[in-house]
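The values are calculated or read from the model by the stated rules, or taken from the named source; none is laboratory data. This structure is a prediction, so every number in the text was calculated from the model and none was measured. As a convention, Cβ positions derive from the backbone with ideal geometry for all residues, glycine included, and neighbour counts pool all protein chains shown.
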Amino acid sequence: MYKLTGVTKDYPKGRATVHALRGVDLEIQDGEWLAIQGPTGHGKSTLLQIIGGLDRATSGTVDFDGRDLTKLRETQMTKLRATSVGFIFQTFNLIPTLSAQENVETALVPLGVSDRTRRARAVEALSSLGLGDRLRHLPGELSGGQQQRVAIARALVKEPKVLLADEPTGNLDEDTRDEIIGVLEKLWQEKGLTMVIVTHDSTVARRAQRLGTMRNGKITVKQRV
């Protein structure tokens, strides 16, 4: 699925340079669940953005199913994100003026899906996550857990190969956290997804097959036992 070799990422900061990633070597197998932990500012989110095609490495190779993401044109990268990668964020990133169903439908617009099919797939995705009675609700009318379920439905409605989540339970209370991570685990098992979750929460990280620890822009990975 993924093979990263010597990946670096540098950002200019005034006259200085921030070395966010310092030669990351990492393999992620098809269907694997990897959790990534580490202190704030040590490269976790940067790594997630690079494997998701939201940002580009400064150097190194990012092989995704035989394609080096560092060499793709922007149009190719946009298509890959639209078809192969689902994203979930801590702040949900829902459009406040759109209903739950409309938010989920936005993920299908770039794929050229017909209006009728788009609506049907969005309804199916939300209903499968227990939100069949909240289709017309705006994000502000939903609880935090319900908003995150909408975000999960939006990520999965396009049937991606990879699900990337950046602190998906960070804004949730303990009970809702357990509920959401249970949903993600079930979806991972049922759909055979490759799942990478960045989290500060050890309770969440312990559920993954492997745990990666980021420090000073480098990652160390170990198998869960």
*Run down 185, 190, 141 and say which single residue is surrounded by fewer than 24 Cβ atoms within 10 Å (Cβ to Cβ) and under 14 Å from residue 131 (Cβ atoms).*
141
*Mind counting the residues in the range 18-32 that are outside any loop (DSSP other than H, G, I, E, B) and under 21 Å from residue 82 (Cα atoms)?*
1
*Restrict the check to the range 163-186 and report whether at least one residue is of a type in the set (Val, Ile, Thr), under 29 Å from residue 207 (Cβ atoms) and modelled with pLDDT of 95 or more.*
no
*Scan the range 196-212 and report the pairs whose first residue is over 25 Å from residue 53 (Cβ atoms) and whose second residue is among the acidic types (Asp, Glu), with Cβ atoms within less than 9 Å and a gap of 6+ or a chain change.*
201/167; 203/174; 203/178; 207/185
*What number of residues within the range 100-130 satisfy the criterion of being in a loop (DSSP other than H, G, I, E, B) and farther than 27 Å from residue 55 by Cα?*
3
*Pick from the range 155-176 the residues that are within 16 Å of the chain's Cα centre (by Cα) and assigned to a helix (DSSP H, G or I): which of them is surrounded by the most Cβ atoms within 10 Å (Cβ to Cβ)?*
155
*Failed condition for residue 10, given (1) under 19 Å from the mean Cα position of the chain (by Cα); (2) surrounded by fewer than 19 Cβ atoms within 10 Å (Cβ to Cβ)*: (1)
*Might you check whether a residue that is touching a residue at least 40 places away in the same chain (Cβ under 8 Å) and outside any strand (DSSP E or B) occurs anywhere in the range 64-71?*
yes
*Out of the residues in the range 19-57 that are of a type in the set (S, T, N, Q) and out of contact with any helix residue (DSSP H, G or I) (no Cβ under 8 Å at 6 or more places or on another chain), which is surrounded by the fewest Cβ atoms within 10 Å (Cβ to Cβ)?*
40
*Exactly one condition in (1) surrounded by 13 or more Cβ atoms within 10 Å (Cβ to Cβ); (2) in a helix (DSSP H, G or I); (3) at pLDDT 95 or above is not met by residue 83; state its number.*
(3)
_Matching option when the condition is at pLDDT 95 or above and in a loop (DSSP other than H, G, I, E, B), among 40, 97, 91_ = 97
*asked:* Can you tell me which residue is nearest to residue 170 (Cα to Cα) among those in the range 115-142 that are of a type in the set (Ser, Thr, Tyr) and at pLDDT 95 or above?
replied: 127
*Considering residues of the range 1-17 that are among the aliphatic types (A, V, I, L, M) and in a strand (DSSP E or B) only, the residue modelled with the lowest pLDDT*: 16
